Amino acid sequence: MRLAPDGSSYLTSSSRQAETSSKSLFSLDSYHVSEELGFILPDPLEKLPLYYQPWMDIALRVPELVHSQELRTLINKMPLLSSQFLQKHKELRLAHLALSTMAMGYVWQGGESDTIEILPKSLAVPFWEVSQRLGLPPILTHADAALANWKKKDPEGPFDMENLELLLSLPGGDSVQGFFLVTMLVELAAVPALRNIPVVISGVRCADSEAVARALETISQSLQDMTDTLKLMHDYKPFLKCVLIFIHAHMNRWKDNPSMPKGLVYEGVNTEPMEYSGGSAAQSSLLHCFDELLGIKHEEKSGAFLTRMRNYMPPAHKQLIQDISLQPSLKSFVQQQDNEPLNQAFQHCVAKLLALRNYHINVVSRFITVPAARARQLRDKNQTSEGEMISRAPTALEERGTGGSGIMIFLKTVRDHTRDAFLPDTSKEKEHNS
């Protein structure tokens, strides 16, 4: 059952007991959010029905086929298959992952200087159909690469880096594997926070300061765990492979990309080019949920980009964010209560989110900004070994992020507006303590 978002007033004490006992008041399950895995797709399928084996045969080999320059040839020969035999949600998610992986490789097989303008019908038509059924765009998204692209080596083993591997990969070897799996583990670290968002909402509506404070402290710890997990990214940092990650993943977009100024024609779908943004951390529903819960407001340009990124999320996840935004204001509730433990819990939560965003800026600098500058340096020197190998690195990496805007400017703007969410007079102290 969805929470009825009247947003008008807090519940009276006489209503508190009945509402607090109602576990279905704001059910994460109704938004396709797992109590154990959050936004991660539980137990993704590894195989599609036999009819779709031509897709999987190619998708499983994308890295080697890009390297041998054979991918486009094989996709051009691929039969046009109907998507009608895909019946279950997990079948559609695996199909979307396979088709988007092939599309990324097809477009970028030759690098920035050899992009294509038309995606062939045998790939474009089913990709479009599957995307329409899922409510996702026909491009590789965070929901594909980071949420539905995993399996355990030992099904009974732990959910950690040593026991996880990707279903489908992109060129870049261990760095690509590490990048996407660490990203997924960051999502996993957020699960306790997600579970406590309904607790906060219910507590605000019931005017239960103690319940809200406890839930916010749990969310704060979860945010700290997300930051700690993100640090695993530095175990997968070889320079060349890091550049390749963003050639074949984050820069795989056909919107705001100088290499593809008109976008991409999906043959058999539309005669005019279409533009879509590439995979981005901004497509993760997590931070959108936290922003709405804590009342963080972003300025017009960055806010518009973040809002647009919600169209790259599974519709149920996007709806969750929207429904959180319609609830009574947590920040207003905290300010009205005059309750020091509650104030501290709110401040601590904002501080941890700010620290996470600061650390994300550090990661982006090391994995995108610095490698891109190195790529430019090697091109300028016309080096023949490493320079040749990275010559395909998009020049857009050097100044642009996945949304087509200056990535560091964007991230720092979002970070600064997170700081604005602190309660008055204590923001400097709380940021220092974070």
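Annotations
- Which numbered condition I219 misses (of (1) at pLDDT 95 or above; (2) closer than 30 Å to H67 by Cβ; (3) crowded, with 19+ Cβ neighbours inside 10 Å): (2)
- Applying the condition of being surrounded by fewer than 17 Cβ atoms within 10 Å (Cβ to Cβ) and not in a helix (DSSP H, G or I) to region 406-427 and asking which residue is modelled with the lowest pLDDT yields T426.
- So R72, is it part of a helix (DSSP H, G or I), basic (K, R) and buried (at least 22 other Cβ atoms within 10 Å of the Cβ): no
- Just so you know, in region 278-302 the residues that are touching a Lys or Arg at 6+ places or on another chain (Cβ under 7 Å) and not in a helix (DSSP H, G or I) include one that is modelled with the highest pLDDT, and it is G295.
- Test: residue in region 196-213 that is aliphatic (A, V, I, L, M) and either at pLDDT below 95 or under 30 Å from S175 (Cα atoms) (or both): no
- Of all residues in region 108-144, those satisfying the criterion of being buried (at least 24 other Cβ atoms within 10 Å of the Cβ), in contact with a Ser or Thr (Cβ under 8 Å, 6 or more places away or on another chain) and aliphatic (A, V, I, L, M) are I139, L140.
- Residues located in region 311-328, provided they are without any contact (Cβ under 8 Å) to a residue 40 or more places away in the chain and either assigned to a loop (DSSP other than H, G, I, E, B) or surrounded by 14 or more Cβ atoms within 10 Å (Cβ to Cβ) (or both): K318, I321, S325
- Residue in region 326-348 that is in contact with a Lys or Arg (Cβ under 7 Å, 6 or more places away or on another chain), under 30 Å from K231 (Cβ atoms), among the small types (G, A, S) and at pLDDT 95 or above present: no
- Test: residue in region 198-211 that is under 30 Å from K151 (Cβ atoms) and surrounded by fewer than 24 Cβ atoms within 10 Å (Cβ to Cβ): yes
- From the options L123, L99, L80, L65, residue that is touching a helix residue (DSSP H, G or I) at 6+ places or on another chain (Cβ under 8 Å), in contact (Cβ under 8 Å) with a residue 24 or more places away in the chain and outside any helix (DSSP H, G or I): L80
- Pair list, Cβ < 6 Å and 6+ apart or interchain, from region 282-307 residues that are surrounded by 19 or more Cβ atoms within 10 Å (Cβ to Cβ) to residues that are aromatic (F, W, Y) and assigned to a helix (DSSP H, G or I): Q283/Y312; S302/F410
The values are calculated or read from the model by the stated rules, or taken from the named source; none is laboratory data. Nothing here was measured: the structure is a model prediction, and the numbers come from that model. Because the Cβ atoms are built from the backbone with ideal geometry, glycine has one as well, and the counts that use them run over all protein chains shown.
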